Amino acid sequence: MAESSSREMYNVLLLGLCFMLVFTAFQTGSLIQKNVMSSIHEEDPSYASDGLISLSVIYAVFAVANWFAPSMVTFLSPRLSMILSAITYNVFIAQFLYPTNIGLYSASAVVGIGAAVIWTAQGTFLTQNSTMVTMSRNSGIFWAMMQLSLIWGNIFVYFEFDNEERIDKKTRNTVYGVMAIIGILGNILMIFFRKAAHIIEDDKKPPFVKGIVDSFKLLTTRRMMLLSSTFIYTGLELSFFSGVYSACIGFTKAFGKDSKKYVPISGIAIGVGEVASGFAFSILEKYTAKMGRAKIVGLGLVAHVGALIIALINLPFDSPFKDTTSAALIPSNIFLALFGSFLLGFGDGCFNTQVYSLIGVLHKENTAPAFGLFKFMQSVAAAAAFYYSSQLMLPYQLAILAVFLLVGTVTFIVVARNADSRGETFVGVSLS
């Protein structure tokens, strides 16, 4: 039993480390993508790639590929699926060393497929290495370690691009070269995953199409239909904190003429919030276990309501689009804005750790279709949000988020408490 426990903890820690490295590379590369593309275009006018189109391609392919990902994970095993999928992230980063229009969009499509597989495999692997007692703790540990990538990456960007009006080729190649090495290291470390002690390999693999059929069947269940609003909200808020909020800070000239220097600092604040929530639900396991999943998601609701209010009153309504000198409802305050960044990260951690945990215990015997559906709905919502965020003024974006935040929180609490009342998901209490 002790050996089993230590092996599973080893896998959880290694999983967090590998994803931290792979996503330090990917998230850092994505963060600076728009500025980098602008600099490349100045040097080579034929390079006319668009960052929003790239993101749309990633999430559109991601959404479609989620229907096939469960079957791929079943056939290849979670370990091999993650190894192969991580390669696609490294391809995406490496193409910036030799930028071409077709290279970016091709790599975006490839990483969309890889994203669907790696996240389905990650959820399955995490569940295999957890019990009903340890699922919430392990989700917190993984989430905190993975989100450290936001901190390291943004610190690197802040110092590397400090006071740079244009990112020259040498700087670009240095940054993306370092990111590629970090991503490859995370990829290589995945080789050292160990099989969970209580998992017995079955030589008889189910038909490939069964994974797709299982996903469709699961989608029609009452429980999954209720959770779908929560899944959708995680996609909407993912797009907001990763693509809109920090950009709004950078465009708000009331923060100073060099307001763009606060963009990576906002990213760091988001990362600190993510890590704080993840570690809180793992290190303080006994206390959070008493709270239960419903109350933790309720805490996420409070954090995100606070963040949305801060965004509404502290940022100009036209700040998602361009540099603006427009006044906000109150005098714009950078410290309040960065506190909003922290709340966005903290709330995101509350929602995602508990969604992973709930799916893991409700569908422990057949996790791949459940995690596939989660990522499908999340990615469709993110793709939609990336589109409307370029069209709608800030108050309208916040209104959409507020509606899904409230509905998603209520439906999650209904499912979690329903399951708890039936003895399916007791947190922190051994069911054996």
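Return the residues of segment 75-128 that are of a type in the set (A, V, I, L, M) and under 30 Å from residue 43 (Cα atoms); say none if nothing qualifies. Of everything in segment 75-128, those that are of a type in the set (A, V, I, L, M) and under 30 Å from residue 43 (Cα atoms) turn out to be 87, 91, 93, 94, 97, 102, 104, 107, 109, 110, 111.
Specify which of the listed residues (388, 396) is surrounded by fewer than 17 Cβ atoms within 10 Å (Cβ to Cβ), within 20 Å of the chain's Cα centre (by Cα) and at pLDDT 85 or above.
On the way: 396 fails: within 20 Å of the chain's Cα centre (by Cα).
Going through 388, 396 in turn, just one is surrounded by fewer than 17 Cβ atoms within 10 Å (Cβ to Cβ), within 20 Å of the chain's Cα centre (by Cα) and at pLDDT 85 or above: 388.
Scanning segment 184-222 for residues that are in contact with a Lys or Arg (Cβ under 9 Å, 6 or more places away or on another chain) and either at pLDDT 70 or above or in a helix (DSSP H, G or I) (or both) turns up 190, 191, 193, 194, 195, 196.
Taking the conditions exactly as written (at pLDDT below 85, among the hydrophobic types (A, V, I, L, M, F, W, C) and either on the phi < 0 side of the Ramachandran plot or over 25 Å from the mean Cα position of the chain (by Cα) (or both)), does residue 180 satisfy them or not? Spelling it out, it is not the case that residue 180 is at pLDDT below 85, among the hydrophobic types (A, V, I, L, M, F, W, C) and either on the phi < 0 side of the Ramachandran plot or over 25 Å from the mean Cα position of the chain (by Cα) (or both). Only one residue in 235, 278, 267 is within 23 Å of residue 142 (Cβ to Cβ) and modelled with pLDDT of 90 or more. Which one? It is 235.
In segment 124-147, which residue that is among the polar types (S, T, N, Q) and assigned to a helix (DSSP H, G or I) is farthest from residue 186 (Cα to Cα)? Looking at residues that are among the polar types (S, T, N, Q) and assigned to a helix (DSSP H, G or I), I get 136.
Taking first residues from segment 310-337 that are part of a loop (DSSP other than H, G, I, E, B) and modelled with pLDDT under 95 and partners that are of a type in the set (Asp, Glu) and surrounded by 15 or more Cβ atoms within 10 Å (Cβ to Cβ), the Cβ contacts under 9 Å between residues at least 6 apart in sequence or on separate chains come to 326/318.
Annotation: residue 315 fulfils all but one of (1) surrounded by 18 or more Cβ atoms within 10 Å (Cβ to Cβ); (2) over 28 Å from residue 114 (Cβ atoms); (3) in contact with a Pro (Cβ under 8 Å, 6 or more places away or on another chain); the unmet one is (3). In segment 219-240, the residue that is nearest to residue 315 (Cα to Cα) out of those that are buried (at least 18 other Cβ atoms within 10 Å of the Cβ) and of a type in the set (Val, Ile, Thr) is 234.
Residues checked against (1) of a type in the set (A, V, I, L, M); (2) outside any helix (DSSP H, G or I):
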{"residue": "371", "(1), (2)": "no, no"}
{"residue": "374", "(1), (2)": "no, no"}
{"residue": "381", "(1), (2)": "yes, no"}
{"residue": "385", "(1), (2)": "yes, no"}
{"residue": "391", "(1), (2)": "no, yes"}
{"residue": "402", "(1), (2)": "yes, no"}
{"residue": "408", "(1), (2)": "no, no"}
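Put simply, of 319, 332, 326, 357 the only residue that is farther than 13 Å from residue 249 by Cα and either of a type in the set (Gly, Ala, Ser) or in contact with a Cys (Cβ under 9 Å, 6 or more places away or on another chain) (or both) is 357.
Look at (1) out of contact with any Lys or Arg (no Cβ under 9 Å at 6 or more places or on another chain); (2) surrounded by fewer than 23 Cβ atoms within 10 Å (Cβ to Cβ); (3) modelled with pLDDT under 90; (4) of a type in the set (Gly, Ala, Ser) and you find that residue 292 fails only one, number (1). Condition check: over 18 Å from residue 416 (Cβ atoms) and in a helix (DSSP H, G or I). Does residue 307 satisfy that? In short, yes. Within segment 125-167, the set of residues being in contact with a Gly (Cβ under 6 Å, 6 or more places away or on another chain) and modelled with pLDDT under 80 comprises 135 only. Out of all the residues in segment 26-38, is one or more under 17 Å from the mean Cα position of the chain (by Cα) and under 25 Å from residue 137 (Cα atoms)? Yes, segment 26-38 has at least one match. The helices (runs of 4 or more DSSP H) found wholly in segment 12-80 and carrying at least 3 residues that are crowded, with 22+ Cβ neighbours inside 10 Å occupy 51-65, 69-76. Among residues of segment 66-91 that are over 16 Å from residue 12 (Cα atoms), those with a Cβ under 6 angstrom from a residue that is in a loop (DSSP other than H, G, I, E, B), sequence gap 6+ or separate chain, pair up as 75/205.
The values are calculated or read from the model by the stated rules, or taken from the named source; none is laboratory data. Source: prediction; values computed, not measured. All Cβ positions, even for glycine, are placed from backbone atoms using ideal geometry, and neighbour counts span all protein chains on display.
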